[in-house]
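**Q** Below: one structure in structure tokens.
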Amino acid sequence: MGNTKKYWKGLDELNNNPAFVKQRDNEFNEYVPVDQFLANTNAMEESSTSRRDFLKFLGFSVTAATLAACETPVTKVVPYVIKPEEITPGMPNWYASTYFDGHDYCSILVKTREARPIKIEGNPLSKISQGGVSARVQASLLSLYDSDRFQSPQTGKGTEITWEKADSIVKAGLDNAIAAKKDVIILSSTIISPSTKAAIAEFTSKYNAKHVSYDAISYSGMLMANKNTFGHHHLPTYRFDKANVIVSFGADFLTNWISPIEHSKQYAATRRISKEKKEMSKHIQFESILSLSGSNADERHPIKPSEMGAYVIALHNKVTGGALAVSGKVDDKVVAETAKYLTDNRGKALVICGSNDTNIQLVVNSINQALGSYGTTIDHMTPDFTKKGNDEEFVKLCEDMRSGNVGSIIFYNCNPVYTAPAKLKFAEALSKVASKVSFATRGDETTPLCDIICPDHNFLESWNDHNPRKGHYSLQQPTITPLFAPRKGAAHNSNGTRQAQESLLLWAGNNTDFHSYIASNWKAMFNNAGDPLTFWNQSLHDGAIFIEGVGEEMPEHKKEEEKKETKHDHKKAGAVAVAGAASEKHENKKEEKKEEVEDGMKPDLTAAVAAIGAMKSGSTEVVFYESTAIGNGIQSNNPWLQELPDPITKITWDNCITMNPADMEAGKFNILERFDQLEDAPDTAIVTVDGVILSPLPVFPQPGQAIGTIGIAIGYGRSNSGRVSDGVGENVYKATPWINNSIQYTATASIEKGKDTYAIACTQTHHTMMGREIVKETSLMAWMKDEKAGNEKETVVHKGVVTDPMAVNLWDDFDRPGHKWALAIDLNTCIGCAACVVSCNAENNVPVVGKLEVRRSREMHWIRIDRYYSSDMSKAKGKADHLGKVDTYRKMEHASSANPRVFFQPIMCQHCNHAPCETVCPVLATSHSGEGLNMMTYNRCVGTRYCANNCPFKVRRFNWFNYTGNKNFQDVNPGMDDIGRMVLNPDVVVRSRGVMEKCSMCVQRIQAGKLVAKKDGRKIVDGEIQTACSQSCPTNAIIFGDLSDPESAVSKWHANDRNYKLLEETGIRPNVAYLTKVRNTEMEEEEGGKEEKTEGKKENKEEKAHS
Amino acid sequence: MGFKIFQLFLNLDVILLINLSRIKRENSSRFDFFNIQNMPKSFKKPQRKAFVILHFLLFSTFFLHFQSASAADGKSLFKQNCATCHKPCDQKLTGPGLKGVLSRVPSADWIHNWVHNSAGVLKSGDSYAKKIFDENGGSVMTTFPGLSNADIDAIIAYVDPGDCPPATAGPSKTEPGTGGENTGETKGGLDPFWVLLAVTGILLILAIVLRSTKRALKNVVNEKQGLAPEPDRTIWESFKHWCENNKRIVAVIILYFVCVGVKTCWYTVKDIGVYQGYHPEQPIKFSHKIHAGDNGIQCVYCHSGAEKSKTAGVPSANICMNCHKGISETANPGSKEEIAKIYYAAGWDPAKMAYTGDQHPLQWNKVHVLPDFVFFPHSQHVMVGKVECETCHGDVKKMTTVEQFSPLTMGWCINCHRTTEVKMEGNKYYDELHEKLKKKYGKQPITVAKMGGLDCAKCHY
């Protein structure tokens, strides 16, 4: 469990000692040592303060305080000395920029206020991210204001030094390495920036250095497979929007795999249905853990990682009619059905695989070739450059280091001491290198082992250019002056940060600043693009550009070298016994008609199949996966991400072992499906992978997890990386195995029950809908027959007549002639990615509360994604089995563990027109606006919490503490220090202790949007005003608009036959509408479900009639 | 000044006399409750009335001065057109000082040509033009084709004799004086409060003297009529005696004071946190009266945010420098030191006429402070609502140190929203809404409140 110092005051708490629990549950410690003081007669007598004096002091201080309160407080206002022309205080400026951390790529727009970034949105002009943005990209804003960042160059031990000294030490190290005829290495994550590459090239030519790319999450195996098929070390571009059938083998393409934001956009396009478009894609997922993509699939088949090869080969056989040897058991029926879907949709089918095993990927490529996917659903002519890490080179580097051949190493945006498999013993090898330099922006596991740290700027402070894909370019521009700029002065003598590229150029003897370096580089690169300045300005304005035909990954002069290298690599690959023979066989052919072969080559798969057959399987297999929030761990010191509940497990601030409840029963683990967060804690288990022992992690029941497998998220268990992330969870990178020349993320493991329990913070302990109609679902078939399928309207009995609940009104309606703001959420395209949650956090200054408070159910998120599983039990089934009501409901709480259906539902304040919260507020702090908003007036609230008590959706949040001022939260709350406070949105109040808060439907944006229209003297255009959640949604599942405009998108969704409102039958009339989820299944709704619904309704009616 | 003080006394006398006569009248009907209550009310804050009258008098004199100032045509033309680059004395600015200009130039006609088309004169190869062009760092003078020859002559007539600050005694010299008396704060002189106190003292002494005289006279009368002499009571004893005889009046008076006390307390408590009239001293003695009033600079020239943003904004030093590059000193005493503070802040070296880059941000004291939980957009009110700045900020043009004119309480905001009609004509945003509201309210005025202007979330979020 790593370091436990943060959340446990001692074993008492870990063991839930009753006395400790009692004390802990007492929020305000009432113990005041009065008795002790009074009993101490000595102290009383010795005290020279008489009662009279005491009263005098008391009177004086009260009077002084009163008088002081009467004085006018003086507020200072400091205007600019020379105001920059583009800044109007109080008005935001937007800049187009790019986020790329070596893992996630996204073209972004940055909102700045008074020259500080406060919000990140997607850039709609980008052809890759298309205006979408993910939770991680949203949260990267907070990483800028991380006071744990390095503020000065320093030694590995943390002694701050000047840049001059740092430069001289680095240069001496480099010179020594050259003198000793040893290698100089730059180790970096994938670099897609042409100018950075040019800077590295300048450096490497000066010091005869070598640049090695190494990604924490490796795509090396897949790259090798693609090279064997196409001769390019590239990943292709996937076009999910062109696919009718999507079959994914363990690829979580909606959150992590290659380009998740783009995939989400494309996927949603195929899933959105309307009266005009009645088709949707069929998504079949084979996987071991329950991933976000898998939970959105129409059909999901849990398989063990070791079975994946067999399934892929079996599918290959069915699709191509081939007869490759299938080793292992395969569900033939499932494979045949899947193959039928695929072959029925040739040219519109897509098979993807998340494995990093070259052999499996080769077979997958072959399936796609047979299906005619290349050129249709896979665009291999537009290669993707974002994943270029080369595992083989990395392993070779480790060997070189160990043998003492490396004289100097520079780390740029990578942290191999943390991410490399333990087997490689990277730290030990590193100790043999004389000069070690890191460009890290904040501490990590590698920096203490380095000699010198030359801190880079944050991405929002620096210039860069990016070429994520052939023909696609985007610029990254600074949106703030570097926070830790070199400062000279008596008070604050900071040496500051410096852009890594500038450091490299400086060491190579080039003093250019990187901005002009990029500009001149672009001038050379785009010499056909017209006036260079106009082109540059336009590109900078747009953020992302696409130029047909342009975009070799390397500058021209490097091309020749690359070609040579390619040949060389081929020989290597041949020796590596992957499918080398095949590729060599085809090499000549390839050279001849490289351009003609649209489909790539068809390598012989026998070797690959043999290798797959030889793969080890085990009784317990472990999958190391990237969680939606933390990803590869590069942003683990980000409290927004740490507190973002994982969409599937709903766990915050930890990684855990996910295990199928059936396995847990077999392993005698205590299943706490619905547990009291403060009292109960899950059992722990110790996982051992090939000799690497992981510290005990809590075991969490995960319905849908393949039997015999467990899942553990990577990116946790950091040390030396900052106050937020240190000691949270356990690092599992070290257990990743090295198989077939690439790092794998699945392994056989042994698992042993630990002695202790471990308390986790889970935001949703309730797993199923218990037969209530919270998420309404139907099948595509049923929906095509009847658009109201699965959405039977609720009715109530009023005065003995069955009526529509909207016809019954307890209140006198008042006339509201103006706008009527509303949200609509399409559950069919909501993939549960939680981008909206982080977006809301950033927009509305939602505080982070930390693990302990989350365990007390006091998380402050204004929007949450509820996740439900389907249950095997239904009311009808319970009746048939004579279970009785209590037992039926108890069983309904348990999700069907084998393979449940998963539902996601974003819940924010529903802005009920007849809001239950409004009527109970004794001070009218919450009331209804003329525009349909449920308003919350913080300065009026006295904190009775009646409203939260009366809210049926539990969306109201109470400020138990002054989160921005309370020292207990300084390790988790970004709003604590002066730097962290800069992230706050000045258009939204920071709430204080004792105040209720909730979703305001981003009223600040509504007000701003209305003002723009009023000033322009025009009507509001639909879609012009967006809430934070609707703007950030990568699948456009949330839309916001004005119901008073019948042409607005939101009005149309509210009038859609799939539309329903939560608890509509109670007459609360919410302003948020949901559209029924439609799954592309041919099955009709289960009989049980139907009966249950009708029965439920009957009961409902009875109850209503009763009341 | 003597006359003014005389006037003041006169007025105070009149007021006091009126009041005294009223007291006498009311005393005659001893049990008339309402009149008795009215009595002290008429006494309430006589200072205020004195103020009003005093102000009236002062303003009348002020306007007299103002008119005489605007009579100097050449001077105002000079200020409007030339003052950014030239000074009416020997001192050089961007252009040369203009004192004795007539004696330097070839002819009066030459000046006309030069002002109308300096570039043309320069092109024609005129030797004097070339000379001043070189002397002044090779910058061409802005042309003023709009100025007539008569205008130019008027300007020359003003600048030729010179108008250097220490030597001249123009009418502007009295301006700071009047400004000071206006607020009664910044300038010395007689404070009306002390005048009033002195008058009250004199009257008291008078009353005591009169009382003893009256008693003496009464004694004489009594003696003549053979009655016993008036008992020799001290003032305190006679007051007690009177109180004993008039218990009801005393009770009413006490009740009245209790009521007034409670009321005062109530309003004082209510006004905690309300800083109406707050006018802090600023780091630079910047006078809105001189800038917005005398020189007629538009509010939004400096507070440009008012039209675009939530905040009107305090102008940055470079806005000041737009004018003060040229104006380093005015006729107002102390102006040079104050303007030097801007130069220090902006990092401007007036000797070299160049920026040094050594900036020192100014820390102004905020006058209008809204709590953080209120969002007040200026641009909404200025651009859409077409509210004049003066509506909330008062007559800033007359304020030397600017003060908070409005209470800025929520009640004040709400009241305005209740009474202000929305200007919907010509704004298409309101078209549809206007139709609906017209149907609903008929001919009633459509106020902000009727369009949701009282919703909490209009200002609190």
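The values are calculated or read from the model by the stated rules, or taken from the named source; none is laboratory data. Just so it is clear, the model here is predicted, and its values are computed rather than measured. Here the Cβ positions follow ideal geometry from the backbone for every residue, glycine too, while neighbour counts run over all protein chains shown.
**Q** Restricting to helices (runs of 4 or more DSSP H) lying wholly in segment A:253-339: which have 3 or more residues that are surrounded by fewer than 24 Cβ atoms within 10 Å (Cβ to Cβ)?
**A** A:260-271, A:308-320
**Q** Output the residues belonging to segment B:338-370 that are away from chain A (no Cβ under 11 Å), in a loop (DSSP other than H, G, I, E, B) and either touching a residue at least 60 places away in the same chain (Cβ under 8 Å) or touching a helix residue (DSSP H, G or I) at 6+ places or on another chain (Cβ under 9 Å) (or both). Show your work before the answer.
**A** Filtering segment B:338-370 down to residues away from chain A (no Cβ under 11 Å) leaves B:338-341, B:343, B:349-354, B:356.
This time we only want the ones that are in a loop (DSSP other than H, G, I, E, B), so: B:350-353, B:356.
Correct list: B:350, B:353.
**Q** Give segment A:173-196 a look and list any residue that's over 30 Å from residue A:520 (Cα atoms) and either surrounded by fewer than 18 Cβ atoms within 10 Å (Cβ to Cβ) or among the small types (Gly, Ala, Ser) (or both), or say none. Let's see the steps before the verdict.
**A** Going through segment A:173-196, the residues over 30 Å from residue A:520 (Cα atoms) turn out to be A:173, A:176-183.
If the condition is that a residue be over 30 Å from residue A:520 (Cα atoms) and either surrounded by fewer than 18 Cβ atoms within 10 Å (Cβ to Cβ) or among the small types (Gly, Ala, Ser) (or both), then A:173, A:176, A:177, A:178, A:179, A:180, A:181 are the ones that fit.
**Q** Here's another thing I want to ask about it. How many of the residues in segment A:230-242 are in a loop (DSSP other than H, G, I, E, B) and modelled with pLDDT of 90 or more?
**A** Looking only at segment A:230-242, we keep the residues that are in a loop (DSSP other than H, G, I, E, B), and these are A:231-234, A:239.
With modelled with pLDDT of 90 or more added as a condition, the list becomes A:239.
The total comes to 1.
**Q** Quick one: would you say residue A:225 is touching a residue at least 40 places away in the same chain (Cβ under 8 Å), of a type in the set (A, V, I, L, M, F, W, C), crowded, with 22+ Cβ neighbours inside 10 Å and out of contact with any Gly (no Cβ under 9 Å at 6 or more places or on another chain)?
**A** Yes.
**Q** Helices (runs of 4 or more DSSP H) wholly in segment A:911-1025 with at least 2 residues that are at the interface with chain B (Cβ under 10 Å from one of its Cβ atoms) and under 24 Å from residue B:311 (Cα atoms) - which ones?
**A** Here the list reads A:1003-1016.
**Q** Would segment B:248-259 turn up any residue that is touching a helix residue (DSSP H, G or I) at 6+ places or on another chain (Cβ under 7 Å), in contact (Cβ under 8 Å) with a residue 12 or more places away in the chain and within 11 Å of chain A (Cβ to nearest Cβ)?
**A** no
**Q** Something else now. Return yes when residue A:920 is under 12 Å from residue A:995 (Cα atoms) and surrounded by fewer than 22 Cβ atoms within 10 Å (Cβ to Cβ) and no when it is not.
**A** No.
**Q** Also: Where in segment A:734-808 are the strands (runs of 3 or more DSSP E), entirely inside, with at least 1 residues that are closer than 24 Å to residue A:422 by Cβ?
**A** Here the list reads A:746-748, A:750-757.
**Q** Take segment B:425-436 and flag every residue that is more than 9 Å from chain A (Cβ to nearest Cβ) and crowded, with 17+ Cβ neighbours inside 10 Å.
**A** B:434
**Q** Any residue at all in segment A:475-492 that is among the aliphatic types (A, V, I, L, M), in contact (Cβ under 8 Å) with a residue 12 or more places away in the chain and surrounded by fewer than 16 Cβ atoms within 10 Å (Cβ to Cβ)?
**A** yes
**Q** Suppose we filter B:439, B:450 for residues that are within 16 Å of residue A:814 (Cα to Cα), in a helix (DSSP H, G or I), more than 7 Å from chain A (Cβ to nearest Cβ) and touching a Phe, Trp or Tyr at 6+ places or on another chain (Cβ under 8 Å); which single one remains?
**A** Being within 16 Å of residue A:814 (Cα to Cα), in a helix (DSSP H, G or I), more than 7 Å from chain A (Cβ to nearest Cβ) and touching a Phe, Trp or Tyr at 6+ places or on another chain (Cβ under 8 Å) holds for just one of B:439, B:450, which is B:450.
**Q** Given the criteria at positive phi and at the interface with another protein chain (Cβ under 8 Å from one of its Cβ atoms), does residue B:394 qualify? Before the answer, list the steps.
**A** Numbers: at positive phi: yes; at the interface with another protein chain (Cβ under 8 Å from one of its Cβ atoms): no.
Answer is no for this residue.
**Q** So which residues in segment B:315-337 are surrounded by fewer than 17 Cβ atoms within 10 Å (Cβ to Cβ) and free of Cβ contacts under 8 Å to residues at least 12 places away in the same chain, if there are any at all?
**A** Passing the criteria: B:322, B:336, B:337.
**Q** Are there strands (runs of 3 or more DSSP E) fully within segment A:666-725 with at least 3 residues that are under 19 Å from residue A:855 (Cβ atoms)? List them.
**A** A:697-701
**Q** Out of (1) touching a residue at least 40 places away in the same chain (Cβ under 8 Å); (2) hydroxyl-bearing (Ser, Thr, Tyr); (3) in contact with a Lys or Arg (Cβ under 9 Å, 6 or more places away or on another chain), the odd one out for residue A:264 is which?
**A** Residue A:264 satisfies every listed condition except (3).
**Q** I'd like to verify a number: residues in segment B:275-312 that are closer than 23 Å to residue B:409 by Cβ and in a loop (DSSP other than H, G, I, E, B), how many?
**A** Of the residues in segment B:275-312, 10 are closer than 23 Å to residue B:409 by Cβ and in a loop (DSSP other than H, G, I, E, B).
**Q** Across segment B:293-316, what is the number of residues that are more than 13 Å from chain A (Cβ to nearest Cβ) and more than 23 Å from residue A:1011 (Cα to Cα)?
**A** Of the residues in segment B:293-316, 6 are more than 13 Å from chain A (Cβ to nearest Cβ) and more than 23 Å from residue A:1011 (Cα to Cα).
**Q** Also: Which is of a type in the set (Val, Ile, Thr) and more than 14 Å from every other protein chain (Cβ to nearest Cβ), of B:284, B:319, B:290, B:272?
**A** That would be B:290, the only listed residue that is of a type in the set (Val, Ile, Thr) and more than 14 Å from every other protein chain (Cβ to nearest Cβ).
**Q** Inside segment A:296-329, can you point out the residues that are touching an Asp or Glu at 6+ places or on another chain (Cβ under 9 Å) and among the small types (Gly, Ala, Ser)?
**A** Across segment A:296-329, the qualifying residues are A:297, A:306, A:309, A:314, A:328.
**Q** How many residues does segment B:241-256 hold that are surrounded by 11 or more Cβ atoms within 10 Å (Cβ to Cβ) and assigned to a helix (DSSP H, G or I)?
**A** As a first pass, look at segment B:241-256 and keep what is surrounded by 11 or more Cβ atoms within 10 Å (Cβ to Cβ): B:241-243, B:246, B:248-250, B:252-253, B:255-256.
Okay, now just the ones that are also assigned to a helix (DSSP H, G or I), so B:241-243, B:248-250, B:252-253, B:255-256.
The number of residues fulfilling the criteria is 10.
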